[in-house]
1. Am I reading the B/A interface right? What is its buried accessible area, both sides, 1.4 Å probe, to the nearest 100 Å²?
2. Test of understanding: express the Cα radius of gyration of chain A as a ratio to 2.2 N^0.38 Å, with N the residue count.
3. Straight distance only, please: which lysines reach the Cα of B:LYS340 with their own Cα at less than 17 Å, same-chain residues fewer than 8 apart left out?
4. Counting only protein heavy atoms and a 1.4 Å probe, tell me what percentage of chain B's accessible area is made up of carbon and sulfur.
5. Taking the simple approach of a point 7 Å from Cα along Cα-to-Cβ for both B:ASN313 and B:LYS26, what is their distance in nm?
6. From the phi of every residue in the stretch B:70-78, what ³J(HN,Hα) in whole Hz does the Karplus formula 6.51 cos²θ - 1.76 cosθ + 1.60 yield, where θ is phi - 60° and glycine or proline is x?
7. Give the share of C-alpha pairs in each 5 angstrom bin for the stretch A:122-161, from 0 to the last occupied bin, in whole percents, shortest bins first.
8. Can you tell me the Rg and the Dmax, both Å, for the Cα atoms in the protein assembly as shown?
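The values are calculated or read from the model by the stated rules, or taken from the named source; none is laboratory data. Quick caveat, the model's predicted, so the values are computed rather than measured. Here the Cβ is made from the backbone with ideal geometry for all residues, glycine too, and neighbour counts use every protein chain on show. Side chains are part of the model used for accessible areas, which takes the heavy atoms of the whole protein and leaves out ligands, DNA and RNA. Shrake-Rupley method; radii C 1.70, N 1.55, O 1.52, S 1.80 Å.
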Amino acid sequence: MAVAAAAARVWGSSRGLGQAGLLLLRRPGARGLARSLPQRQVQQHFPSLDDKPQFPGASAEFVDKLEFIQPNVISGIPVYRVMDRQGQIINPSEDPHLPQEKVLKFYKSMTLLNTMDRILYESQRQGRISFYMTNYGEEGTHVGSAAALDNTDLVFGQYREAGVLMYRDYPLELFMAQCYGNSSDLGKGRQMPVHYGCKERHFVTISSPLATQIPQAVGAAYAAKRANANRVVICYFGEGAASEGDAHAGFNFAATLECPIIFFCRNNGYAISTPTSEQYRGDGIAARGPGYGIMSIRVDGNDVFAVYNATKEARRRAVAENQPFLIEAMTYRIGHHSTSDDSSAYRSVDEVNYWDKQDHPISRLRHYLQSRGWWDEEQEKAWRKQSRKKAAWAGASAGS
Amino acid sequence: MMDDVINQSVLWIQAGLGTKMGLQDKGQTQKMNLFQAVTSALDNSLAKDPTAVIFGEDVAFGGVFRCTVGLRDKYGKDRVFNTPLCEQGIVGFGIGIAVTGATAIAEIQFADYIFPAFDQIVNEAAKYRYRSGDLFNCGSLTIRAPWGCVGHGALYHSQSPEAFFAHCPGIKVVVPRSPFQAKGLLLSCIEDKNPCIFFEPKILYRAAVEQVPVEPYSIPLSQAEVIQEGSDVTLVAWGTQVHVIREVASMAQEKLGVSCEVIDLRTILPWDMDTVCKSVIKTGRLLISHEAPLTGGFASEISSTVQEECFLNLEAPISRVCGYDTPFPHIFEPFYIPDKWKCYDALRKMINY
């Protein structure tokens, strides 16, 4: 019989099995062979006549042609966006149709952050604070993602996510208190500037070592899942930190332990002076997600609506399905790495200017607002004056 | 000769572990070895604290040293689970659980493999509360790891890395000498509001057996125990080595008529300086012994502090009998470890100083 012949091929003719033997083979369930196996070894139905790979480590087909898989870096994972560089909605069905009040809050958070950054950068140059890191160019990544979360969602950051706190209404006075290390600092003056933390706003205190927050965020997400808290944990990191072992650890744990977590990578082109071409050779960070079994997307980080939409959907599904999501937000670090850095040593002023002038999250949103009739030059002038005054006052009091 | 060494080890472990005093008022007891005592502590913790979870490599089926046998079936797969093979991930993940206030009990399969997690322990766990101004902490994290020589472990299954962690303010480091001590100290670590590392002497997992209360109880941290009083020499050790120095104390009494005070340090960080110094003020002589290499080993810290505090009381230089400054060998283990003869010899030199 053909089946017996097939069995002989698999088992060798010396172990020829009769008809009864074949019937046993077909039903490795409650009776037959499975009974003789250790209880736990139920992964493979053994043996099979279909000649499929039986390895516990991967489910795949056989192939008999030697061919290496080519990493696809020429046309990698596409970049999701909602607005064009002029702030116009491209596909109306992707417009989140957020109310005016909310979009104005986006705008004011981003611009206030920008203003505070200028004041604090200057404060360092004047010797009033020891150190500072600006967020120029990345305001969209902070605000778009923060707006898509619940206020109680736990945030683990790296150090360039102040806009998340800003969106959650962390007062300027407390930002500055931390930078000055004055008696109002909730962190009790123990850390360098920009190492913010706020229990009330569910923003875990920043630490200097990179990527250490990644596996921690995964643990927090696991605990949230166990507590049925309906909370997501979001974990921010840069494309440079993503090279750390802790990032690999975090991704793998999140996937295997089924944690409701959003991994948010700010790919801003540089890790201090190291450009992405020296940081990785694959297709960025988004392409790593599938390697871990993680749902992944790449978005235009300078498009606050794209960031919002992706984060919103990731949040919904992460909590509903208890699985991690990876969002790689492409953006550009317009400022220096920190006040200890002069980036003209490793990149051209032209490159920086392009991003500042042609593709900035704040201007794109401003164009959107203006085209909707929700903002104009006069309001812009008044707000600039108001926010500068606010930030300057906070700065002066912090230092006194 | 090897057989003698191994037989001797088993004998002195079984010959009374000196904790009969501790059994009063702790209810029903059961004969347990050290790994069973650990299981009992973990069982008590998971029963009492619904947020407590145990995780690490291979803990689900019961663990490579059987410390977690039965717990997954009893408490569920969301509470006792395997992680991928990644120590930095295990500790980082544990920190994250603890940050939310839940109790995290992480297992590192061998203390020799704790080093990938060194950054998470030293730079993160130890500093979490301080750096945030007490806004955040990971106090409900406990890390457990098998520790110390086992007869055939060689470089990577025998290490005693407590000295690396002793240099890190913000964590606690604890080493038990027996099943009864292990359960009480582990429960204290789990309850303690600071991240703790609990090193379990693996050679004692099966070899050490005694009556251990079934119900939970705690033994205070940072309290050394004087397990035998004496007047001429103070002997200090922790973990397995406590049994070696107890035997050295008998030898000294029998052969030299020397009365030794034997102290089990129990907590390495923060350590009980008062008990040790009080003893040295009485005896005037101190011998500290550990398997870990001599240079930078924890005996050096004890020695330094004692000479500061008790200088004029000392009759002889402080003696340290430790492992050699080499990696931990395989076939040469019997020659490497600070056995009773080396300790006795050092004690004799101190007496005759």
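1. In total, chains B and A hide about 2700 Å² from solvent.
2. 1.24
3. The qualifying lysines are B:LYS255, B:LYS349.
4. Here it works out to 54 percent.
5. With each label placed 7 Å out from Cα toward Cβ, I get 2.9 nm.
6. x, 6, 5, 4, 6, 10, x, 6, 7
7. Over the stretch A:122-161, the share of Cα pairs per 5 Å bin runs 5, 19, 21, 18, 15, 11, 9, 2 percent.
8. Both quantities, over Cα of the protein assembly as shown: 31.1, 99 Å.
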